[in-house]
Amino acid sequence: MTKVKWLGRGGQGGFTASRLLGKAASLFEGKYAMAFPSFGPERRGAPVLAFTRIDDKKITDRSEFNSADYLVIMDETLLDESAMESLSVEGKVILNSATPQRYTSLAEDGRIIALDATSLALEIINRPITNTAMFGALVAASKIVTVDSALSSIEAEMKPALAAKNMDIVQKAYDLVKEMIDG
Amino acid sequence: MIDTRKNESVFVSGDEAVALGVRLSRPQVISAYPITPQTIVVERLSEMVEDGSLDAKYIHVESEHSAMSAAMGASSVGARAFTATSSQGLLYMAEGLHYASGGRMPIVMMNANRSLALPWSIFGDHRDSMSMLDSGWIQVYVEDAQEALDMTIQAYRIAEDPSVLTPFMINLDGFILTHTYELVEVPRQKEVDSYLPPFSTPNKMSLETPKSMGFSTSPADNMEFKYQQHKAMMDSMEVIKKADKEFSEMFGRSYHGLVDCYQCDDAEYILVTAGSVTGTARVAVDTMRIKGIKAGVLKLRFMRPFPEQEIRNILSGAVSYGVLDKDISFGYEGTMFTNVNSALSGSKNFPRGMNFVGGLGGRDISVQDIEEMFIALQKCPDNAYGDYIKSRVSFVNMGVNINE
């Protein structure tokens, strides 16, 4: 089972991203997925959590989890030692940051994979909504689903005009992170 | 991986799955008042009515009390009616619940299980529906979004059966089920139409066959009405089993009638659960089995009618059993525990039992919490009478120590 935890602020679309990943895995790759938010009232700007579980067999465990394989952080001010504690031993952080060198004390080399998702989102949709960029970055870093499935999930979720722009963001984020990892 | 799932698959929340199940069931009247965490059900249904994909009259009423009243009006003239609520909303329509069951109106209602005030909380537990156990409604607790959709269709089939004619409450754990997205297979409309024919009732009120639906009785005949309600509920057990069997033949999914079992055959320690926590308990059973502990889960699907025989057969072979209640009847124990014990009281072998009260007000119940329940069951105290409640009822995952 692969477990992804999404950490962001209300309004950044973290829960949407958790569902997009679930859709990509279940509807387009024949796997099973479960996506849920940290429950409760939604407040713009407050820290919010979302969870995605993916497996080859039906998932029945509905409890929240702390040992994530990937922790996607959409707002870098939320990255600290306590956030790192919700990762598994081998787990990785996918971080939205233009200056990831600031966080080297938190983790050994290669454990934090960073992308300047805010700039990418501003460039394409003119708004600092980074969820689809971070989705693309996660897909490149984790290979949980193929980029084609990720793009299909967006096509299935959003209205055509918005989908086109977000598919562009996913592809660009994917390419940037893939290049970073492959060197 | 090759996808062998034949029908349309969607990735939806429990609330959305209910809405899809309602649309497939072709209700003629929907009356509802929104309340978290049920809101998405009625939002989706109003959208479906608006876009024409559901041919129903949608009545946006001013309260839950009116939601139930409008559903009763619809049902009394022979319309298939749906409503949905949660928590305080369920309590607000409590008067109507008894009217609907006494009037033998097979209304189907989704209830998003949510805590009761005070303290005010939007999070889930079973205290709302458990407090309505005596209202004469059939009560099912579903485990996942697929079961939520499937039971919505089955609910009409069971409730409208001429031998039952009893309203039906489908319970989904608030947030844990209502707001969790997962893969759901959507049955084809044509097959649902053949499984669920249009509603017809002998009690239909019309200009051609005028009837009084809100009648009064004297002591000379009131009890006979109540006896008939009880009998209909008892008779619904066989209807529930038949509906499950035929659903399984047509759609390929069975929920095994009144209860479902996981690894109970040779189990020494069995935990009784209801609703979505059953899924988490299945994982705990797997980890206990790896450690060589013979654990099992009995999923109590129906609280009314109560599956006494099934419980007795399954639990009487165990060394000990636990009941995980997301409810507490203050001053005694969890309501499920009371009911399970009552079922066992007629059995020759009455194993030792413990009551775990957990998940109140939405507190998370983890796999580890459930593993600890199985460990406690291995040391279950003998049936003590002196300090019964203190020794048998414990609160799971309390944030404070209890100094007693």
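The values are calculated or read from the model by the stated rules, or taken from the named source; none is laboratory data. In this text, all values refer to a predicted model and were calculated from it rather than measured experimentally. Cβ: placed from backbone, ideal geometry, glycine included. Neighbour counts: every protein chain shown. In case anyone asks, the SASA skips ligands and DNA or RNA and just uses the protein heavy atoms, side chains included. Shrake-Rupley method; radii C 1.70, N 1.55, O 1.52, S 1.80 Å.
Here is a check on your reading of the model: is A:Met167 closer than 22 Å to A:Thr52 by Cα and part of a helix (DSSP H, G or I)? Spelling it out, A:Met167 is indeed closer than 22 Å to A:Thr52 by Cα and part of a helix (DSSP H, G or I).
Against the numbered list (1) touching a residue at least 60 places away in the same chain (Cβ under 8 Å); (2) open to solvent by less than 10 Å² (accessible area, probe 1.4 Å), B:Thr85 comes up short only at (1). Looking only at residues in the range B:162-204 that are of a type in the set (Phe, Trp, Tyr) and buried (at least 24 other Cβ atoms within 10 Å of the Cβ), the one that is farthest from the other protein chains (Cβ to nearest Cβ) is B:Phe168.
If I filter the range A:40-49 for residues that are within 22 Å of B:Ser276 (Cβ to Cβ), at the interface with another protein chain (Cβ under 10 Å from one of its Cβ atoms) and surrounded by fewer than 22 Cβ atoms within 10 Å (Cβ to Cβ), do I get at least one hit? Spell out how you get there, then give the answer.
First, the residues of the range A:40-49 that are within 22 Å of B:Ser276 (Cβ to Cβ): A:40-42, A:48-49.
This time we only want the ones that are at the interface with another protein chain (Cβ under 10 Å from one of its Cβ atoms), so: A:40-41.
Retained after the next criterion (residues that are surrounded by fewer than 22 Cβ atoms within 10 Å (Cβ to Cβ)): A:40-41.
Scanning the range A:40-49 turns up at least one residue that is within 22 Å of B:Ser276 (Cβ to Cβ), at the interface with another protein chain (Cβ under 10 Å from one of its Cβ atoms) and surrounded by fewer than 22 Cβ atoms within 10 Å (Cβ to Cβ).
It is to be established whether one or more residues within the range B:97-119 are touching a residue at least 40 places away in the same chain (Cβ under 8 Å) and over 29 Å from B:Phe306 (Cα atoms). Taking every residue of the range B:97-119 in turn, at least one turns out to be touching a residue at least 40 places away in the same chain (Cβ under 8 Å) and over 29 Å from B:Phe306 (Cα atoms).
Do we have B:Glu246 as loosely packed, with under 15 Cβ neighbours inside 10 Å and more than 21 Å from the chain's Cα centre (by Cα) here? I'd like the intermediate steps shown before the answer.
Values: loosely packed, with under 15 Cβ neighbours inside 10 Å: yes; more than 21 Å from the chain's Cα centre (by Cα): no.
No.
Among residues belonging to the range B:1-43 that are in a loop (DSSP other than H, G, I, E, B), under 19 Å from B:Phe247 (Cα atoms) and open to solvent by 20 Å² or more (accessible area, probe 1.4 Å), point out the one that is modelled with the highest pLDDT. Top of the filtered list is B:Arg26. Pairs meeting the criteria (first residue in the range B:239-254 and part of a loop (DSSP other than H, G, I, E, B), second residue among the hydrophobic types (A, V, I, L, M, F, W, C), beta carbons under 8 Å, at least 6 apart or on different chains) are B:Arg253/B:Phe247; B:Ser254/B:Phe247. Looking across the range A:1-37, the residues that are within 11 Å of chain B (Cβ to nearest Cβ), more than 14 Å from A:Thr132 (Cα to Cα) and open to solvent by 40 Å² or more (accessible area, probe 1.4 Å) come down to A:Met1, A:Leu27, A:Phe28, A:Lys31, A:Tyr32. Restricted to the range A:76-98, and to residues there that are at pLDDT below 95 and more than 20 Å from A:Leu49 (Cβ to Cβ), the residue that is least open to solvent (accessible area, probe 1.4 Å) is A:Val89.
Taking the criterion of being open to solvent by less than 10 Å² (accessible area, probe 1.4 Å), within 14 Å of chain A (Cβ to nearest Cβ) and either of a type in the set (Phe, Trp, Tyr) or touching a Cys at 6+ places or on another chain (Cβ under 9 Å) (or both), no residue of the range B:106-140 qualifies.
From the list B:Val259, B:Val239, the one residue that fits, being more than 30 Å from B:Ala74 (Cα to Cα) and hydrophobic (A, V, I, L, M, F, W, C), is B:Val259.
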